[in-house]
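Since the structure comes first, as structure tokens, the remarks are kept for the end.
Each value in this text was obtained by applying a stated rule to the coordinates, not by laboratory testing. All of these numbers come straight from a predicted model, not from anything done at the bench. FYI the Cβ positions are ideal-geometry reconstructions off the backbone, even for glycines, and counts take in every protein chain you see.
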Amino acid sequence: MVKARKLGKSTAEIRRAKRRERKVKLGTAFIIILLVIGFTVAAYWGFNPRSPSPKRQTIEERLVFGEAVPSGIDSSVVEGLTGNRAVFGQLDVPYDLKKRLNGDFYILDNGLTQLIITNASTEEINSEAKGDYIVYEIGICKGFDCLVKNNNNTNESIMFDIYELNMSSRFLRTNRIGFEVELGENI
């Protein structure tokens, strides 16, 4: 009986196998290098402290309000009403009320009293507002916007305490408002 002998690989087959092996190793190394570069770039962009992040607003930036300072006393005739209203007094959570009434917010007397100017109705104001407050109608006076409590005061000359506003209001014509002087106050 004749035994079959296994022939060894030829040099050409050995070269092909080595090339194939080398190509697989180079391809694997190339993919690993690309992954390392990709993760490095992603980590740099994601964790870099110099990268721009969303700006966090401070409380002061969100609370936009104006100030009103007294500037004297003046008399004027109330020529008519604009239909807008002002809420004046010591309000509970005034900035939240300003948002609910969609109004403009001013502080007076170093923050002791607040003024919200809005076009909300008196019923809306009374249902939303809490604290000690007065609802004024905004009238048209010569040179300033006047705040009156009584709608029947139109076409009458009235004395007003004038305040200068440092921020414009959407609901006023001027940057000056006048509060109706109560009877019995020193003029």
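Brief remarks follow.
- Here the Karplus curve 6.51 cos²θ - 1.76 cosθ + 1.60, taken at θ = phi - 60°, turns the phi angles of segment 101-117 into couplings of 8, 6, x, 9, 10, 10, 10, 10, 6, 6, x, 5, 10, 10, 9, 10, 9 Hz, with x standing for Gly and Pro.
- Label-point separation, Lys6 to Val69 (7 Å along Cα→Cβ), nm: 10.3 nm
- Fully extending the segment from Glu182 to Ile14, taken as 0.36 nm per residue of separation minus the present Cα-Cα distance, adds 49.4 nm.
- Stretched out straight at 0.36 nm per residue, the stretch from Asn102 to Ile31 would grow longer than its current Cα-Cα span by 19.7 nm.
- Using every pair of separate Cα atoms, the Kirkwood estimate puts the hydrodynamic radius of segment 60-180 at 14.2 angstrom.
- With a Förster radius of 30 Å applied to the C-beta separation of Leu81 and Leu112, the computed FRET efficiency comes to 0.60.
- Ranked packing of 165-177, 33-45, most packed first, by mean Cβ within 10 Å: 165-177, 33-45
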